[in-house]
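The values are calculated or read from the model by the stated rules, or taken from the named source; none is laboratory data. Predicted model, so just to flag it, every value in this text is computed and none were measured. All Cβ positions, even for glycine, are placed from backbone atoms using ideal geometry, and neighbour counts span all protein chains on display.
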Amino acid sequence: MSTFGPDHATDIIENMVGNLGKKFFINTLNQGAVTNMNADSFLELLCDVGMDGVKPVHVGEMPRGIRGMQELVLDTHELTVEAVLEQSYEKLRRAMLTDPLVNSISDADKIIHELLELERNMIPDDWYKDRLQYS
């Protein structure tokens, strides 16, 4: 523990195997825990974790402003998945422009360009065909 520090995964496994009843914050499907968001929204929620799986603790409604910010992040994630599945640079650009951390079209284009270059050996060549129109 002094070399690596605490490990979230081993804490969860210990809890499951030992039936300790501890709750953990887990990235998981909403499953109705946040009542005013879609059940399939992927959120970081306090969860009961046992040998039968992860069950989010009921939260109720998420306040409007916070929910709006969270929905924007979920939209960014969904657009990114669509872009990858369709191999659409245009949709990837739209996803980047939807990201609340991106402040301008120029920034979005630079971030995409840099990420594509850094991951070139892992990304299919199709991503590099029509990229010049956005550079």
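Residues that are modelled with pLDDT of 90 or more and more than 22 Å from the chain's Cα centre (by Cα) within segment 121-135 comprise just one, ASN121.
Pairing each residue of segment 82-100 that is more than 21 Å from GLN70 (Cα to Cα) and assigned by TED's automatic domain parsing to the domain that holds ASP126 with any residue that is at pLDDT below 90 and of a type in the set (A, V, I, L, M, F, W, C), provided the two are 6+ apart or on different chains, yields C-beta distances under 8 Å for GLN87/TRP127; TYR89/TRP127. Exactly one residue out of VAL34, VAL57, VAL17 is of a type in the set (Val, Ile, Thr), free of Cβ contacts under 8 Å to residues at least 60 places away in the same chain and either within 30 Å of MET96 (Cβ to Cβ) or in contact with a Phe, Trp or Tyr (Cβ under 7 Å, 6 or more places away or on another chain) (or both), and it is VAL34.
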